[in-house]
Amino acid sequence: VSVSRAIKPFAEPGRPPDWFSQKHCASQYSELLETTETPKRKRGEKGEVVETVEDVIVRKLTAERVEELKKIIKETQEKYRQLKKDAELIQAGHMDNRLEELCNEIMMWVISLF
């Protein structure tokens, strides 16, 4: 229960209300355990740190999230460049006939951020 409550504030928009239920979190974790390859044990000295299934899952999910964040950053940078270019064209008077349309696009983009 504490895990499902702790991660609820980080919910992505559009998730169903029961997404963070204890039952759903347990089933998602179980699925992760089933689909993750168990690391092979290495022979070595006592006290050697052996990678666990949980370590593999954390590494995998962290890598996936890093890629997602890189994609989001890239998209945001591209949108920023386009908006900056549009602002320069507006200031130069080249977009007077599209001002209302551009304003609506910008407002929709700003709303989507929140």
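Scanning the range 54-79 for residues that are open to solvent by less than 80 Å² (accessible area, probe 1.4 Å) and charged (D, E, K, R) yields Asp55, Lys79. Can Ile106 be described as of a type in the set (Val, Ile, Thr), closer than 30 Å to Phe10 by Cα and at pLDDT 85 or above? So Ile106 does not fit the description; no. Looking across the range 17-34, the residues that are hydroxyl-bearing (Ser, Thr, Tyr) and assigned to a helix (DSSP H, G or I) come down to Ser27, Tyr29, Ser30.
Conditions tested, residue by residue: (1) more than 21 Å from Ala6 (Cα to Cα); (2) aliphatic (A, V, I, L, M); (3) open to solvent by 80 Å² or more (accessible area, probe 1.4 Å); (4) touching a residue at least 12 places away in the same chain (Cβ under 8 Å).
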{"site": "Pro17", "(1), (2), (3), (4)": "no, no, yes, no"}
{"site": "Ala26", "(1), (2), (3), (4)": "no, yes, no, no"}
{"site": "Leu32", "(1), (2), (3), (4)": "no, yes, no, yes"}
{"site": "Thr36", "(1), (2), (3), (4)": "yes, no, no, yes"}
{"site": "Lys40", "(1), (2), (3), (4)": "yes, no, yes, no"}
{"site": "Val50", "(1), (2), (3), (4)": "yes, yes, no, no"}
{"site": "Cys103", "(1), (2), (3), (4)": "yes, no, no, no"}
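Quick one: in the range 1-11, of everything that is closer than 24 Å to Leu113 by Cα and open to solvent by less than 90 Å² (accessible area, probe 1.4 Å), which residue is farthest from the chain's Cα centre (by Cα)? In this case the residue turns out to be Ala6.
The values are calculated or read from the model by the stated rules, or taken from the named source; none is laboratory data. Predicted, not measured: the structure shown is a model, and the values here were computed from it. Note: ideal-geometry Cβ built from the backbone for every residue, glycine included; neighbour counts use all protein chains shown. To get the accessible areas, we keep the full protein, side chains included, count just its heavy atoms, and leave off ligands, DNA and RNA. Shrake-Rupley method; radii C 1.70, N 1.55, O 1.52, S 1.80 Å.
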